[in-house]
Amino acid sequence: MKIINKKTEKSLIDHFIRNLKKDYLKNKRLNKRFSFVLTGGQSPRKLYRELAKNNIDWSNIDLFWGDERYVSRFSKNSNYKLATDELIKKIEINKKNIFPIKTQKSILRCSKNYSLLIKKYFKSKKISFDYCLLGMGEDGHIASLFPNSKNLNKKFISKPVIRKDFKRITLSLNVINNSKKILLWLNNKSKSKIYLKLKKKGRKIPVNNLNRKNTIIYKIN
């Protein structure tokens, strides 16, 4: 597990973008697509804004989502809407490169469709995203995998999650952990302190189950 400690969110963002550029250019030189799983919540908002301002060739990058609330894509609670407003609307990217979790049909059908879409993208080979960006909730949840969830150690691609606040669709821990790089985004001191406390609570906390070999933690000192 690699930890990037910085004093400001701006420094974290600059470091992230430098590495993203290196990694997607490496794929481009090898004539490979670059798959980038986005996260929701408020944490990545400034990161997305800065990504939109940077000189990045998005033609070789494919965007996915780690989870989605089962709401309209126009809802203020939609992870897709957040990424669209702060990033996608502001960059030159083909619609064919954007793979949102759709929510127009039943939640089970939407979840199955996303699993099929991902399988098709990877041509039924091993699913391994290049980048999987994750935020972390105060309870240590990642994507829509919550503490004591029955889904935590199950193998699947995407699955519905029924909770009191929102129904959701999430990627599995298995899929997240197969990513080439897992980027845990702890963009303020409060999140960083919470993470250090949760680290001591063992594997019932989802964030403590990330693949140590592939995880890079971006945190504020």
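Read the figures in this text as sums done on the coordinates, not as results from a lab. Remember, it's a predicted structure, so these values are computed and weren't measured experimentally. In this analysis, Cβ positions are derived from the backbone assuming ideal geometry, glycine residues included, and neighbour counts consider all displayed protein chains.
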Handout entry: Antiparallel content of DSSP bridges confined to the chain, in %, to 5
Key = 30 percent
Practice task
Choose one of N178, G40, S192: the residue whose Cα lies farthest towards the positive end of the charge dipole of the chain (beta-carbon charges +1 Lys, Arg; -1 Asp, Glu; about the Cα centre).
Solution key: N178
Fill in the blank from the handout: In whole Hz, the Karplus estimates of ³J(HN,Hα) for region 68-77 (6.51, -1.76, 1.60; θ = phi - 60°; x where Gly or Pro) are 8, 6, 7, 9, 4, 5, 9, 6, 5, 8
Fill in the blank from the handout: A correct fewest-to-most ranking of S172, S179 by other Cβ atoms within 10 Å would be S172, S179
Exercise for the section: Given the options S124, S59, S144, state which has the largest fluctuation in a GNM of the chain using a 10 Å cut-off (strictly under) for Cα springs. Expected result: S124
Exercise for the section: Select from region 72-140 those chymotrypsin sites (Phe, Trp or Tyr not before Pro) which occupy a DSSP coil region and have at most 11 other Cβ atoms within 10 Å, ordered by residue number. Expected result: F74
Fill in the blank from the handout: Within the chain, excluding any GluC sites (Glu not before Pro) found in a DSSP loop (not H, G, I, E or B) and having at most 14 other Cβ atoms within 10 Å, the longest uninterrupted segment runs 1-91
Fill in the blank from the handout: Given unit charges at Cβ for Lys, Arg (+) and Asp, Glu (-), the dipole magnitude of region 5-63 about its Cα centre in debye, nearest 20, is 180 debye
Practice task
Note the listed values [x] 11.4; [y] 16.9; [z] 14.6, then indicate which one is mean projected area of the Cα convex hull in nm² calculated from this particular structure.
Solution key: [x]
Exercise for the section: Please identify every one of the trypsin sites (Lys or Arg not before Pro) in region 118-221 that sits in a loop by DSSP and has no more than 14 other beta carbons within 10 Å of its own beta carbon. Expected result: K123, K125, K126, K150, K154, K155, R163, K164, K180, R212, K213
Practice task
Pull up all non-local amide H partners of D62: gap of 5 or more, or a different chain, and H-to-H distance under 5 Å with H placed in the peptide plane.
Solution key: F34, S35, F36
Problem - Estimated [θ] at 222 nm from DSSP helical runs (n ≥ 4, -39500 (n - 2.57)) normalised by residues in the chain, nearest 500 - result: -9500 deg cm²/dmol
Handout entry: With 10 Å bins from 0: P(r) over region 93-172, alpha-carbon pairs, percent
Key = 16, 47, 32, 5
Handout entry: Whole-number percent relative contact order across the chain, with pairs defined as alpha carbons under 8 Å at least 6 apart
Key = 25 percent
Handout entry: Selection from G135, F156, S11, by position along the positive dipole direction of the chain (Cβ)
Key = F156
Handout entry: Bins of 10 Å, starting at 0 and running to the largest distance - Cα pair percent for region 131-203
Key = 18, 50, 31, 1
Exercise for the section: For region 86-130, just say rounded, prolate or oblate: build the C-alpha gyration tensor, square-root its eigenvalues into a ≥ b ≥ c, call rounded for a/c under 1.5, and beyond that prolate if a/b exceeds b/c, oblate if not. Expected result: oblate
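Over 32 Å between C-alpha atoms is what I'm after, so list which of K32/K150; K28/K204; K155/K197; K90/K180 land there.
K32/K150; K28/K204
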Problem - Between region 23-98 and region 180-214, the alpha-carbon center distance in angstrom - result: 22 Å
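Compute, for the chain, the length of the dipole vector about the Cα centre, with Cβ point charges of +1 (Lys, Arg) and -1 (Asp, Glu) only. Units Debye, rounded to 20.
600 debye
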Problem - trypsin sites (Lys or Arg not before Pro) restricted to DSSP loop in region 1-94 with at most 12 other C-beta within 10 Å - result: K7, K32, K76
Handout entry: Spread of Cα-to-Cα distances over 10 Å intervals beginning at zero, given as percent, for region 1-87
Key = 15, 43, 34, 8
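With charges only on Cβ, +1 for K and R and -1 for D and E, what is the dipole size of region 100-221 about its Cα centre, in debye, rounded to 20?
On the way: 31 positive and 4 negative charges, 71 e Å.
Here the size comes out at about 340 debye.
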